Each structure stands twice: as structure tokens, then as C-alpha cells.
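The values are calculated or read from the model by the stated rules, or taken from the named source; none is laboratory data. Quantities reported herein were computed from a predicted structural model and do not represent experimental measurements. Heads up, the Cβs are rebuilt from the backbone with ideal geometry, glycines too, and the neighbour counts pull from every protein chain shown.
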């Protein structure tokens, strides 16, 4: 089985930028109804269900118990009987989190590692409604009980509407959403309810559930175009003033760009993603490659707003990342 990636989820200002470009080509701004799920600080992983077996994957690569990521493939293999009881063709996406995956958040204090499902890809359809996910992931499949460590992530809070063509309404809803993100960062509500653990949360992921009064897109590309994430201050990859912003942050120099885009949150994310959380000399190249690629992927709007080209900032991005990584090695 080949790797099936979960789409990269952008910040709100990237969604606004895309919809503005489409509007300039004659497409009306949509009115979108959203619901939120808590963004857990862990690692995006998935279990693919094939006709002849299962396969585990991280965000970027296939995994095996011999070439694993923090025990996820070994865990999936231990529950092969259950996953093989699901319909072939499903890809079960979730956050692999808990003790030993990431640090400094409430979910890291859970009793054990967790696989918290936020979506299932079913052919060219992405299912994210919690009740529908529970139907796809029954308590018993193929005579095997569902893993105790697997949970379906519920909606968090009430739905809200963003009218992308009405600036005042959009800004008012964004202000309210920033307050919600701050509350989650102070205390992760899902972890508190589920495990009685009080501690820091990462933020929210926002899913479109209606567009202009009708169904929201469920194909991977259409869904990803309208979804957005909102991280609390401690976990932002870029140094934006707020978790959610309508407009792209504008910087005046290469130095300001690096300060904006190469923040502590992104650096720590890279360390955890490609180095297992430990800075070692043998992984320096892998870390720098990941970090530079991640900044380039996520900075298109910021570069355009500043009138900068990637070639003007690349060396400074790499220098900042290298200095930080060497400091972690002590």
C-alpha cells in the first residue's frame, strides 16, 4: 500500500487569500458554517485498511514495527484483527499522542499513548462527523474489540458562521474564535473530560459543515481549501499576533520574516517530527531540510505580502534553524 497523505491545513488568512483570488475571477464569496475540534499536540498518523491486511503511516512515510514512529506501527499491528474487520479501502486518520510522543501539554499526561481519530478517508470522501466516524469504527469488528486506546474526537463548542464577503461580520467572529482558542490553550477540555487531567491545549481545527446553506465539500481538496487551524500562542509555527487573523501578517525585512516564520513552535515541531525530539549530529541535515521545506510551503502569503522572493530569505531561514538546532545539542 502506498502512502496517502492527510492534506496540509492552513491558517484562516490563507483561506481568505484563496477565496479573494477566486472572487477576483468572478466566484462569489461563500458563507461557511464551521464546527471545531480540539487540536491535540501529537503526531498525525493513520491506519490503512487493505483487502489483504493493514498498513501504518506517519504524516510523511509508511511505518513498520521495524521502522516505527514512537510505537504507532507496533500498536496498529497488535490490533490487526480489529482493523481488518473494517471495510477495505478506509484510511483512519488520527493523532498519535500521549506520554512519550510530545511534551508540555495536557494529553502528554494521559495514562497511556492514544490514537484519537479525527477523520476517515473513504475513497474520495473524507468523513469527519463524529457520529459517522463511530459508525465506521464500531465497538467490535471481525470479532475483535476496538482498541481501548482509540477514541473518536468529538466536536468542541457550538457551530459558527463566517461570511467571507462581509468584513465586519468576519472580524467579529474571528475575535470570538480567538477567545475560544485561548480557553483551549489554558486547559484542554477534551483531555480534562476524558481523563481528568488539567493542562495546556494546543488549539482548534475548524471544519466546514455547510456552504451557502448546502453541504460542505467532502472531497480531500475541497475540504482542505476551507478548513483551517488555530493554535494557541505557545504552539504557533509562525509568530502571528493572534491565533486567527483575517489578513496576512506583513513584514518589512528578511529579519522580520525569519522572526515571524521560524518561531519556537515550528522549530520544536521539526525536532519532534524528524529527530524524535532529540537533537543529534547525525540528524542535522534532516532537520534543516524539513524546516526549510516547511517554511517555504507555509510562507507563500507572507512572502507575497512583503514583496519578497524565497531566494532572498532561504539562507537566513536556514541559518536561524541551524543555530537553534546546535543550541539544543548543548
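Is it the case, given these coordinates, that residue 183 is modelled with pLDDT of 95 or more and in a loop (DSSP other than H, G, I, E, B)?
Numbers: modelled with pLDDT of 95 or more: yes; in a loop (DSSP other than H, G, I, E, B): no.
It is false that residue 183 is modelled with pLDDT of 95 or more and in a loop (DSSP other than H, G, I, E, B).
Inside segment 23-57, can you point out the residues that are over 30 Å from residue 167 (Cβ atoms), more than 13 Å from the chain's Cα centre (by Cα) and assigned to a loop (DSSP other than H, G, I, E, B)?
Of everything in segment 23-57, those that are over 30 Å from residue 167 (Cβ atoms), more than 13 Å from the chain's Cα centre (by Cα) and assigned to a loop (DSSP other than H, G, I, E, B) turn out to be 51, 52.
Is it true that some residue in segment 217-225 is over 29 Å from residue 171 (Cα atoms), surrounded by 18 or more Cβ atoms within 10 Å (Cβ to Cβ) and touching a helix residue (DSSP H, G or I) at 6+ places or on another chain (Cβ under 9 Å)? Steps first, answer last, please.
First pass over segment 217-225, keeping only residues over 29 Å from residue 171 (Cα atoms): none.
Checking segment 217-225: not a single residue is over 29 Å from residue 171 (Cα atoms), surrounded by 18 or more Cβ atoms within 10 Å (Cβ to Cβ) and touching a helix residue (DSSP H, G or I) at 6+ places or on another chain (Cβ under 9 Å).
Of these, 51, 65, which one is surrounded by fewer than 18 Cβ atoms within 10 Å (Cβ to Cβ) and either touching a helix residue (DSSP H, G or I) at 6+ places or on another chain (Cβ under 7 Å) or within 24 Å of residue 8 (Cα to Cα) (or both)?
Of 51, 65, the one residue that is surrounded by fewer than 18 Cβ atoms within 10 Å (Cβ to Cβ) and either touching a helix residue (DSSP H, G or I) at 6+ places or on another chain (Cβ under 7 Å) or within 24 Å of residue 8 (Cα to Cα) (or both) is 65.
Can you list the helices (runs of 4 or more DSSP H) lying wholly within segment 236-298 that have 1 or more residues being touching a strand residue (DSSP E or B) at 6+ places or on another chain (Cβ under 8 Å), in contact (Cβ under 8 Å) with a residue 24 or more places away in the chain and under 29 Å from residue 19 (Cβ atoms)? Spell out how you get there, then give the answer.
Details: elements: 254-261, 264-275, 284-298.
It comes to 264-275.
In segment 301-314, what residues are surrounded by fewer than 19 Cβ atoms within 10 Å (Cβ to Cβ) and over 14 Å from residue 250 (Cβ atoms)?
309, 310, 311, 312, 314
Mind telling me which of the residues 98, 42, 104, 94 ends up being buried (at least 22 other Cβ atoms within 10 Å of the Cβ), in contact (Cβ under 8 Å) with a residue 60 or more places away in the chain and in the same structural domain as residue 166 (by TED's automatic domain parsing)?
On the way: 98 fails: in contact (Cβ under 8 Å) with a residue 60 or more places away in the chain; 104 fails: buried (at least 22 other Cβ atoms within 10 Å of the Cβ); 94 fails: in contact (Cβ under 8 Å) with a residue 60 or more places away in the chain.
When all the criteria are applied, what remains is 42.
Just give me the residues in segment 8-22 being within 20 Å of the chain's Cα centre (by Cα) and surrounded by 16 or more Cβ atoms within 10 Å (Cβ to Cβ), in sequence order.
Quick first cut of segment 8-22, residues within 20 Å of the chain's Cα centre (by Cα) only: 8-18.
Result: 9, 10, 11, 12, 13, 14, 15, 16, 17.
Just checking, how many residues over segment 144-180 are part of a helix (DSSP H, G or I) and in contact (Cβ under 8 Å) with a residue 60 or more places away in the chain?
7
Take residue 83 and tell me if it is at pLDDT 95 or above, part of a helix (DSSP H, G or I) and assigned by TED's automatic domain parsing to the domain that holds residue 200.
Working: at pLDDT 95 or above: yes; part of a helix (DSSP H, G or I): yes; assigned by TED's automatic domain parsing to the domain that holds residue 200: yes.
When the stated conditions are applied, residue 83 passes them.
In a loop (DSSP other than H, G, I, E, B) and at pLDDT below 95: which single residue out of 20, 60 fits that description? Spell out the reasoning first.
On the way: 20 fails: in a loop (DSSP other than H, G, I, E, B).
Checking each option against the conditions leaves just 60.
If you scan segment 143-164, which residues turn out to be exposed (fewer than 12 other Cβ atoms within 10 Å of the Cβ) and either over 23 Å from the mean Cα position of the chain (by Cα) or closer than 30 Å to residue 83 by Cα (or both)?
143, 148
Any residue at all in segment 210-219 that's outside any loop (DSSP other than H, G, I, E, B), touching a residue at least 12 places away in the same chain (Cβ under 8 Å), under 15 Å from residue 242 (Cα atoms) and assigned by TED's automatic domain parsing to the domain that holds residue 40? Reasoning before the result, please.
Quick first cut of segment 210-219, residues outside any loop (DSSP other than H, G, I, E, B) only: 210-211, 214-215.
So of that shortlist, the ones also touching a residue at least 12 places away in the same chain (Cβ under 8 Å) come out as 210-211.
In the following step, the residues that additionally are under 15 Å from residue 242 (Cα atoms) were identified as none.
Scanning segment 210-219, I find no residue that is outside any loop (DSSP other than H, G, I, E, B), touching a residue at least 12 places away in the same chain (Cβ under 8 Å), under 15 Å from residue 242 (Cα atoms) and assigned by TED's automatic domain parsing to the domain that holds residue 40, so the answer is no.
So, of the residues in segment 299-327 that are part of a loop (DSSP other than H, G, I, E, B) and touching a helix residue (DSSP H, G or I) at 6+ places or on another chain (Cβ under 8 Å), which turns out to be nearest to residue 266 (Cα to Cα)?
Of all residues in segment 299-327, those part of a loop (DSSP other than H, G, I, E, B) come to 299, 307-309.
Retained after the next criterion (residues that are touching a helix residue (DSSP H, G or I) at 6+ places or on another chain (Cβ under 8 Å)): 299, 308-309.
Working: 299: 12, 308: 21, 309: 21 Å.
The residue in question is 299.
Looking at 222, 203, which is the one that is free of Cβ contacts under 8 Å to residues at least 40 places away in the same chain, within 19 Å of the chain's Cα centre (by Cα), within 16 Å of residue 9 (Cα to Cα) and in the same structural domain as residue 32 (by TED's automatic domain parsing)? Before the answer, list the steps.
On the way: 203 fails: free of Cβ contacts under 8 Å to residues at least 40 places away in the same chain.
Result of the check over 222, 203: 222.
Does segment 133-142 hold any residues that are surrounded by 14 or more Cβ atoms within 10 Å (Cβ to Cβ) and within 20 Å of residue 194 (Cα to Cα), and which are they? Step through it out loud before you land on a result.
First pass over segment 133-142, keeping only residues surrounded by 14 or more Cβ atoms within 10 Å (Cβ to Cβ): 133-134, 136-137, 141.
133, 134, 137, listed by residue number.
Among the candidates 186, 167, 193, which residue alone is loosely packed, with under 15 Cβ neighbours inside 10 Å and closer than 16 Å to residue 97 by Cβ? Please lay out each step first, then the result.
On the way: 186 fails: closer than 16 Å to residue 97 by Cβ; 167 fails: closer than 16 Å to residue 97 by Cβ.
One residue alone meets the criteria, 193.
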